[in-house]
Each structure stands twice: as C-alpha cells, then as structure tokens.
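The values are calculated or read from the model by the stated rules, or taken from the named source; none is laboratory data. Only a predicted model underlies this, so the values are computations on that prediction, with no experimental measurement involved. With ideal geometry, Cβ positions are generated from the backbone for all residues, glycine too; neighbour counts draw on all protein chains shown. For accessibility, only protein heavy atoms count, side chains too; no ligands or nucleic acids. Shrake-Rupley method; radii C 1.70, N 1.55, O 1.52, S 1.80 Å.
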Amino acid sequence: QESGLSPGAVYRYFESKEAILKAINERSQEMGRALVEEARSLAGGPLNTLEVIGQTMLSYFSDPMVETTSRVNIEIFPEIIRNEQLRASVREELTFWHRAVTQLLSEAKERGQLKPEVDPDSLAALLMCAWEGVRHYSLIDPHIFRPERLIELMRALVSEGVVLEAEKFGREVAAREPLAPPLRTPWPGRSRKEGD
C-alpha cells in the first residue's frame with residue numbers, strides 16, 4: 001500500500017512471494033553487517049561495541065510501527081519454516097549474528113572483561129533467543145517483557161559488578177541518538193493511518 005503498487009504490479013519486480021521475503025532478508029543481512037562494522041569503528045572495545053549495537057537495536061521498540069512489524073514477522077515465520085530456500089536465507093542471517101556476537105564476547109573474555117565461566121558461544125545464542133522473545137512477548141505484556149531488562153541481564157551475566165540499573169539505562173538510551181541507519185540509507189518510511 002505504501003509503495004502505491006497493486007498486488008499484480010509488485011510481481012513485475014518479484015517473481016513470487018518467496019522472492020520478496022528473500023529480498024527482505026538479504027537487505028536485513030546487508031544492514032546488519034553495516035551496523036556491526038560501524039559500531040566497531042565507533043566503540044573500540046568489544047563490550048562497548050555490543051552496547052552500541054544494543055542501543056541501536058533498542059530503538060526498534062520506539063518505532064511507531066513496532067507492533068505491526070513484529071506481527072508480520074510472526075505471520076511469515078511458518079512460510080520460512082516450510083520453504084527451504086527461505087529457511088536457508090534466514091539461517092545465514094542467524095549464523096552471521098551468532099558469529100559476530102560470539103566474536104565480540106570472545107574478545108572481551110580474552111581481555112578479562114567476562115566472568116571466567118561465561119561461554120561466549122552459548123551466551124550469544126541466549127542473547128539472540130532473548131531478543132526474539134522480547135520482540136514477540138512484548139506484544140502480549142510490554143510491562144514484563146521490557147527490552148531494557150535484556151541489557152541489564154546481559155551486563156549481569158558477563159561481568160562482575162558492572163550491572164547498570166534498567167531505568168537508568170532506559171533514560172540513557174532515550175537521551176542518546178542511535179547509530180545512523182546502516183549504509184547511510186533512511187529507515188523505511190513508516191506511517192500509520194487512523195484505523196490501521
């Protein structure tokens with residue numbers, strides 16, 4: 001609707017619904033890689049890089065279309081599970097994020113910034129699961145499933161005595177600009193009409 005194209009016209013550019021979903025996923029991967037590179041260049045250290053990435057991703061929850069975006073994500077998931085090509089594309093994106101976060105956590109551990117018992121590989125998987133869980137469960141109860149709590153938990157898990165209060169962190173995030181959109185492209189234009 002936002003593009004002004006009819007359903008038929010869309011298929012002049014994409015041969016199928018699966019092709020549209022694959023293109024969206026490829027764009028997401030491209031933006032994710034740019035985000036990690038830009039965060040590394042700005043932050044320096046591995047834990048600071050993770051914090052910059054976290055702050056940028058938390059801005060997702062300030063988007064007026066966050067509920068719609070999350071609902072669409074849930075609705076297309078069965079399509080991803082059924083279609084091997086789509087599943088492979090999403091697996092590639094998950095693998096990228098798991099490797100990137102594991103690498104940053106491993107670097108932090110080598111510097112003595114993580115608790116010795118922390119396994120970077122497992123913690124990266126846990127953080128990814130928590131991110132998806134917060135996105136989905138906050139649709140049901142946004143008071144329990146608050147994204148700031150995810151950051152607070154990560155800090156408590158990874159390092160001794162460096163736990164930042166969730167409310168304080170939330171204020172810091174609200175007062176600070178997230179990274180510019182990766183690749184210097186604007187976020188998709190979003191608007192919501194009354195009754196949508």
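Taking a ≥ b ≥ c as the square roots of the eigenvalues of the Cα gyration tensor, the range 71-160 is classed as oblate, since a/c reaches at least 1.5 and a/b does not exceed b/c.
Computed over protein heavy atoms with a 1.4 Å probe, the carbon and sulfur contribution to the accessible area of the range 1-83 reaches 56%.
Among the trypsin sites (Lys or Arg not before Pro) in the range 1-103, which ones are in a DSSP loop with at most 14 other Cβ atoms within 10 Å of the Cβ? Mind listing them?
Arg12
The modelled label-to-label distance between Glu79 and Asp121, using points 7 Å beyond Cα along the C-beta direction, is 3.4 nm.
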